[in-house]
Ligand SMILES: [Zn+2]
């Protein structure tokens, strides 16, 4: 399990599933006569899933000491180190996150792909002729549900079925690389501001995407002080959002899924050998996930099946990832 705890930053490293603080606190609070796992067994289905996606947040670079809100989610939930897919860039991996497919099948092959570069095999397509997609699947199974996709990088909109969502909003401005970092931080903050407003509509699924960590990595390097500052900005957004969930009394039946698309090295995230590029956090928390454990090994294509499972929805046969939790 060394992978799960290894860290380059010297801060408290990743805690693998079943070894986090929540597990130990459950063990000490349970009655001697009742197994702890039954004391706080989660409901079988989450009333909603909120997915927080942070571009470029490598598992080995997470400054846990500087991210108290993410740390609290980790300690109350379950968290593993997952592997991203090759090539190790954004659109490729976000497409895997939302389609439940590896790049060899979905065909995205560049950081800014907007469509499949190679024709997907016919057997990978659903009856409507499209690749499987998390948001489209939610719409198909729960036609009246409210769903919201909020993101600060326009390329993300090509990685999932925005037309199947109730709300799909890109907060634009600047380019992906070399962007003015303060502007990117402002857009990421706007994503969470709107996310808190969307809570009033009780969304079944909501995506909150953050772009500033990747952008800062490209500008000043993965693990640089500026990179850590970007992580702290994201953490502050998470803190505000969790406070809102609790204030609206939505915490108990919400599952939060937190993933990143790739790590990095120096000022990039290409290459085939360095593990710092491949390792990403895969975390599930929130009241509806209490008592759950993520299974290892996990890959990013497991994200969509995991979210469908958390919602109690069917996982389409075309998805090749697997649900990494047993709700
Ligand atoms: Zn990047």
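Kindly evaluate residue 271 against the criterion of being within 16 Å of the ligand (Cβ to nearest atom) and part of a loop (DSSP other than H, G, I, E, B).
Spelling it out, residue 271 is indeed within 16 Å of the ligand (Cβ to nearest atom) and part of a loop (DSSP other than H, G, I, E, B).
Per-residue answers, yes or no, for (1) out of contact with any helix residue (DSSP H, G or I) (no Cβ under 6 Å at 6 or more places or on another chain); (2) under 23 Å from residue 140 (Cα atoms):
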| position | (1), (2) |
| --- | --- |
| 160 | no, yes |
| 164 | no, yes |
| 207 | yes, yes |
| 210 | no, no |
| 216 | no, no |
| 223 | no, no |
| 229 | yes, no |
| 234 | yes, no |
| 244 | no, no |
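Going by the conditions given, is residue 121 closer than 23 Å to residue 320 by Cα and under 19 Å from the mean Cα position of the chain (by Cα)? Spelling it out, it is not the case that residue 121 is closer than 23 Å to residue 320 by Cα and under 19 Å from the mean Cα position of the chain (by Cα). Figure legend. Inter-residue proximity from the range 244-272: first residues on the phi > 0 side of the Ramachandran plot and at pLDDT below 95, second residues assigned to a strand (DSSP E or B) and within 16 Å of the ligand (Cβ to nearest atom), beta-carbon distance below 9 Å, spacing 6+ or different chains. Indicated pairs: 271/265.
Restricting to the range 227-243, give me the number of residues that are over 22 Å from residue 306 (Cβ atoms) and either under 15 Å from the mean Cα position of the chain (by Cα) or within 15 Å of the ligand (Cβ to nearest atom) (or both).
Residues of the range 227-243 over 22 Å from residue 306 (Cβ atoms): 227-233, 235-237, 239-240, 243.
The next check asks that each one be either under 15 Å from the mean Cα position of the chain (by Cα) or within 15 Å of the ligand (Cβ to nearest atom) (or both); those that pass are 227, 230-231, 235, 237.
Counting residues in the range 227-243 that are over 22 Å from residue 306 (Cβ atoms) and either under 15 Å from the mean Cα position of the chain (by Cα) or within 15 Å of the ligand (Cβ to nearest atom) (or both) gives 5.
Per-residue answers, yes or no, for (1) more than 16 Å from residue 72 (Cβ to Cβ); (2) in contact with a strand residue (DSSP E or B) (Cβ under 8 Å, 6 or more places away or on another chain):
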site: 204; (1), (2): yes, yes
site: 223; (1), (2): yes, no
site: 229; (1), (2): yes, no
site: 232; (1), (2): no, no
site: 258; (1), (2): no, yes
site: 267; (1), (2): yes, no
site: 286; (1), (2): no, yes
site: 293; (1), (2): yes, yes
site: 308; (1), (2): yes, no
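As a summary of the residue check, residue 306 satisfies the conditions (1) surrounded by 24 or more Cβ atoms within 10 Å (Cβ to Cβ); (2) touching a helix residue (DSSP H, G or I) at 6+ places or on another chain (Cβ under 9 Å) except for the one numbered (2).
Residues satisfying the criterion are present in the range 289-310 (criterion: within 16 Å of the ligand (Cβ to nearest atom) and either within 17 Å of residue 51 (Cα to Cα) or modelled with pLDDT of 95 or more (or both)). Within the range 154-184, the set of residues being surrounded by 23 or more Cβ atoms within 10 Å (Cβ to Cβ) and modelled with pLDDT under 95 comprises just one member, 184.
Pairing residues of the range 212-233 that are assigned to a loop (DSSP other than H, G, I, E, B) with residues that are more than 14 Å from the ligand (Cβ to nearest atom) and modelled with pLDDT under 95, at Cβ distances under 7 Å and at least 6 apart in sequence or on separate chains, gives 223/8; 223/9.
The values are calculated or read from the model by the stated rules, or taken from the named source; none is laboratory data. These numbers were taken from a predicted model, which means no experiment stands behind them. All Cβ positions, even for glycine, are placed from backbone atoms using ideal geometry, and neighbour counts span all protein chains on display.
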